[in-house]
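Asker: I am attaching a structure below and will ask some questions about it afterwards.
The values are calculated or read from the model by the stated rules, or taken from the named source; none is laboratory data. Note that the structure is predicted; figures quoted are calculated from it, not measured. Here the Cβ positions follow ideal geometry from the backbone for every residue, glycine too, while neighbour counts run over all protein chains shown.
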């Protein structure tokens, strides 16, 4: 029987293929509390939840199905989701129950630019994590949202939090990301299939890119935006008691 060639895309099917390939090659999926070393093949699977808690949960279920653990970094002040919304809280707690960890996706822009210092960033990170811990189990682990050179140049106090962009996880091991909807160095599966795959590896993915085979980035974002509008449409029905479901779409089509 002729073997079907695997296609690199952003479908859930290919995502599973990547996970299975990494496991087959002997990579151990780790949390950031465990440091890299040369003895074992460690893989740090990370998700920066920029837009979609719903999408994060979808990836969490796929990973759990394949016996994989990962870390999801959520935003405290996201314009795209309310971290403390009761439904999103349930989704985040479900992600944790599936065996994954939650960290903070910190945006340095929440600090006045005149006061963006190493000390102030550390204080604000600790402050945000302390608040979130009243609602669900969040670890003292941080990834920075659209980090500036200021962030990359700093070594933050490891006693306060672990930095996913810290040297031991970022510059001292191989780092691969599909930011902006495309792999910067080609699909991660190509690195895993290479004759000399990296000993330790950090992979950053974003839930909003996954679930469709097409490579049109704008279409994938439109899908996420529609999901947001649908969520708000349902919320308007429940909260207002007078809004009729789907009225927004009817208004747009006038």
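Asker: I'd like the full set of residues that are within 21 Å of residue 130 (Cβ to Cβ) and in contact with a strand residue (DSSP E or B) (Cβ under 8 Å, 6 or more places away or on another chain), limited to the range 54-77.
Answerer: At the first step, the residues of the range 54-77 found to be within 21 Å of residue 130 (Cβ to Cβ) are 71-77.
71, 72, 73, 74, 75, 76 - these are the residues of the range 54-77 that are within 21 Å of residue 130 (Cβ to Cβ) and in contact with a strand residue (DSSP E or B) (Cβ under 8 Å, 6 or more places away or on another chain).
Asker: Further, regarding this structure: Looking only at helices (runs of 4 or more DSSP H) that fall completely inside the range 135-254, which ones have 2 or more residues that are in contact with a helix residue (DSSP H, G or I) (Cβ under 6 Å, 6 or more places away or on another chain)? Walk me through how you get there before you give the answer.
Answerer: Details: elements: 149-152, 188-193, 217-240, 247-252.
Once the helices (runs of 4 or more DSSP H) in the range 135-254 are filtered for at least 2 residues that are in contact with a helix residue (DSSP H, G or I) (Cβ under 6 Å, 6 or more places away or on another chain), what remains is 188-193, 217-240.
Asker: At pLDDT 95 or above, assigned to a helix (DSSP H, G or I), assigned by TED's automatic domain parsing to the domain that holds residue 93 and surrounded by 15 or more Cβ atoms within 10 Å (Cβ to Cβ) - does that describe any residue in the range 63-80?
Answerer: Yes: the range 63-80 contains one or more residues that are at pLDDT 95 or above, assigned to a helix (DSSP H, G or I), assigned by TED's automatic domain parsing to the domain that holds residue 93 and surrounded by 15 or more Cβ atoms within 10 Å (Cβ to Cβ).
Asker: Can we say residue 116 is at pLDDT 95 or above, surrounded by 14 or more Cβ atoms within 10 Å (Cβ to Cβ) and closer than 14 Å to residue 144 by Cα?
Answerer: Working: at pLDDT 95 or above: no; surrounded by 14 or more Cβ atoms within 10 Å (Cβ to Cβ): yes; closer than 14 Å to residue 144 by Cα: yes.
For residue 116, the condition - at pLDDT 95 or above, surrounded by 14 or more Cβ atoms within 10 Å (Cβ to Cβ) and closer than 14 Å to residue 144 by Cα - is not met.
Asker: Follow-up. Residue under question is residue 136, and the condition is that it be without any contact (Cβ under 8 Å) to a residue 60 or more places away in the chain and under 19 Å from the mean Cα position of the chain (by Cα); does it hold? Write out each step before concluding.
Answerer: Working: without any contact (Cβ under 8 Å) to a residue 60 or more places away in the chain: yes; under 19 Å from the mean Cα position of the chain (by Cα): yes.
In short, yes.
Asker: Let me ask something additional. Quick one: residue 99 ticks every box in (1) at pLDDT 95 or above; (2) in contact with a helix residue (DSSP H, G or I) (Cβ under 7 Å, 6 or more places away or on another chain); (3) surrounded by 12 or more Cβ atoms within 10 Å (Cβ to Cβ); (4) on the phi < 0 side of the Ramachandran plot except a single one, so which number is it?
Answerer: Among (1) at pLDDT 95 or above; (2) in contact with a helix residue (DSSP H, G or I) (Cβ under 7 Å, 6 or more places away or on another chain); (3) surrounded by 12 or more Cβ atoms within 10 Å (Cβ to Cβ); (4) on the phi < 0 side of the Ramachandran plot, the lone unmet condition for residue 99 is (4).
Asker: If you don't mind, there's one more thing I want to ask. When you scan the range 19-39, do you find a residue that is surrounded by fewer than 20 Cβ atoms within 10 Å (Cβ to Cβ), in a helix (DSSP H, G or I) and either touching a strand residue (DSSP E or B) at 6+ places or on another chain (Cβ under 9 Å) or free of Cβ contacts under 8 Å to residues at least 12 places away in the same chain (or both), even just one?
Answerer: yes
Asker: Checking residue 220 against (1) surrounded by fewer than 15 Cβ atoms within 10 Å (Cβ to Cβ); (2) touching a residue at least 12 places away in the same chain (Cβ under 8 Å): exactly one of these is not met. Which one?
Answerer: (1)
Asker: Among the residues of the range 165-187, is any surrounded by fewer than 18 Cβ atoms within 10 Å (Cβ to Cβ), within 30 Å of residue 23 (Cβ to Cβ) and over 20 Å from the mean Cα position of the chain (by Cα)?
Answerer: yes
Asker: Within the range 194-209, is there a residue that is surrounded by fewer than 18 Cβ atoms within 10 Å (Cβ to Cβ), modelled with pLDDT under 90, over 23 Å from residue 76 (Cβ atoms) and under 20 Å from the mean Cα position of the chain (by Cα)?
Answerer: No; the residues of the range 194-209 include none that is surrounded by fewer than 18 Cβ atoms within 10 Å (Cβ to Cβ), modelled with pLDDT under 90, over 23 Å from residue 76 (Cβ atoms) and under 20 Å from the mean Cα position of the chain (by Cα).
Asker: Of all residues in the range 40-61 being over 14 Å from the mean Cα position of the chain (by Cα) and in a strand (DSSP E or B), which is surrounded by the fewest Cβ atoms within 10 Å (Cβ to Cβ)? Show your work before the answer.
Answerer: Kept after step one, since they are over 14 Å from the mean Cα position of the chain (by Cα), are these residues of the range 40-61: 40-43.
Next, only the ones that are in a strand (DSSP E or B) stay: 42-43.
On the way: 42: 21, 43: 26.
So, considering only residues that are over 14 Å from the mean Cα position of the chain (by Cα) and in a strand (DSSP E or B), the one surrounded by the fewest Cβ atoms within 10 Å (Cβ to Cβ) is 42.
Asker: Same structure, new question: For residue 241, work out the one condition from (1) surrounded by fewer than 11 Cβ atoms within 10 Å (Cβ to Cβ); (2) more than 30 Å from residue 151 (Cα to Cα); (3) touching a residue at least 24 places away in the same chain (Cβ under 8 Å) it doesn't fulfil.
Answerer: (3)
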